[in-house]
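The values are calculated or read from the model by the stated rules, or taken from the named source; none is laboratory data. All values derive from a computational prediction rather than experimental measurement. Quick reminder, even Gly has a Cβ in these numbers, built from the backbone with ideal geometry, and neighbours come from all protein chains shown.
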Amino acid sequence: MKTKLLLIIMGFILLLGAIGAYSQDEEIVVMDTSAFENTQRPASVFDHDIHNEMAGLEDDCAICHHVYDGKTLVEGESSEDSYCADCHSLSKTAENDVPLRAAYHKRCKSCHFETNKGPVLCGECHKN
Ligand code: HEC
Ligand code: HEC
Ligand code: HEC
Ligand code: HEC
């Protein structure tokens, strides 16, 4: 009887552990590529919080999550409640000249080039 109870308790602890591990997986560590129809590359690595802490970007969300009024950038506002794909389509549109892939590459790679930090080669971001 005691062993049975112990097993139940152990099972419960394991279950809690599994739930904990699962919720940690929900943080962004690689990009979500579902906005692209057919992907040619593995999803880019991007550990959101760690990346932004390492790069000193925690205070400036709008560097990536920007807001536009038409074609004019709105200073001092951020759009972290939206996906890039909400505004950037796969091909350019009348409202937005920057297709989704270019939006990511321009944002991510140009800062790495300019600061001479962070990956610029395809395989350094699109890791298998
Ligand atoms: C700084 C990181 C970074 C580098 C370097 C980089 N990419 Fe990307 N790329 C991304 C991100 C982020 C996306 C959008 C989400 C995703 O696909 O991971 C993307 C999307 C893509 C896509 C569209 C999605 C797909 O898989 O079809 C292609 C194609 C692509 N990249 C090819 C390349 C090629 C080729 C190079 C080198 C010339 C390159 N990338 C370099 C970050 C990078
Ligand atoms: C270096 C660029 C960058 C910076 C800086 C940045 N983010 Fe993000 N964030 C992203 C990308 C890329 C995504 C994925 C969204 C997408 O691909 O459409 C994302 C997604 C998110 C999401 C939605 C996904 C989730 O985990 O729920 C939230 C919320 C978010 N960011 C909040 C923030 C906040 C708050 C800040 C500032 C403290 C910030 N971000 C700074 C690039 C950035
Ligand atoms: C609320 C809508 C909206 C969201 C969300 C959005 N963008 Fe944009 N973005 C725009 C518009 C509009 C332009 C200007 C397009 C034009 O000039 O035709 C733009 C321009 C850009 C440019 C070119 C100008 C520059 O700043 O270098 C890049 C790169 C870019 N976006 C990347 C991103 C990335 C990466 C994300 C997600 C983290 C994102 N955008 C989210 C609307 C948005
Ligand atoms: C405003 C500047 C800036 C932007 C924008 C930016 N990065 Fe970075 N990134 C950095 C810096 C700085 C480092 C180096 C951090 C270090 O090693 O101290 C870095 C490092 C990285 C690394 C290697 C470290 C790691 O976390 O694995 C990856 C991968 C990366 N960036 C991907 C991306 C992607 C994908 C985007 C676009 C969604 C992006 N970065 C946008 C500045 C930036």
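Data for the structure
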read-out	value
Answer residue from the range 65-95, given it is under 25 Å from Glu37 (Cβ atoms) and among the hydroxyl-bearing types (Ser, Thr, Tyr) and is surrounded by the most Cβ atoms within 10 Å (Cβ to Cβ) among those	Ser79
Unmet requirement for Val74, which otherwise passes all of (1) near ligand 3 (Cβ under 8 Å from one of its atoms); (2) in contact with a strand residue (DSSP E or B) (Cβ under 9 Å, 6 or more places away or on another chain)	(1)
Yes/no for Val67 being of a type in the set (A, V, I, L, M), touching a residue at least 12 places away in the same chain (Cβ under 8 Å) and out of contact with any Cys (no Cβ under 7 Å at 6 or more places or on another chain)	yes
Top-ranked residue of the range 96-108 - restricted to ones that are over 14 Å from the mean Cα position of the chain (by Cα) and within 6 Å of ligand 3 (Cβ to nearest atom), ranked as surrounded by the most Cβ atoms within 10 Å (Cβ to Cβ)	Val98
The range 82-95, subset out of contact with any helix residue (DSSP H, G or I) (no Cβ under 7 Å at 6 or more places or on another chain) and more than 7 Å from ligand 2 (Cβ to nearest atom), residue farthest from Met31 (Cα to Cα)	Ala94
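Per-residue answers, yes or no, for (1) within 23 Å of Pro42 (Cβ to Cβ); (2) more than 14 Å from ligand 2 (Cβ to nearest atom); (3) at pLDDT 95 or above; (4) in a loop (DSSP other than H, G, I, E, B):
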| residue | (1), (2), (3), (4) |
| --- | --- |
| Glu75 | no, yes, yes, yes |
| Lys106 | yes, no, yes, no |
| Ser110 | yes, no, yes, no |
| Lys117 | yes, no, yes, yes |
| Gly123 | yes, yes, yes, no |
| Asn128 | yes, yes, no, yes |
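One line per residue, one yes/no per condition, for (1) modelled with pLDDT of 95 or more; (2) among the aliphatic types (A, V, I, L, M):
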position: Val29; (1), (2): no, yes
position: Thr39; (1), (2): yes, no
position: Ile50; (1), (2): yes, yes
position: Glu53; (1), (2): yes, no
position: Gly56; (1), (2): yes, no
position: Asp60; (1), (2): no, no
position: Asp69; (1), (2): yes, no
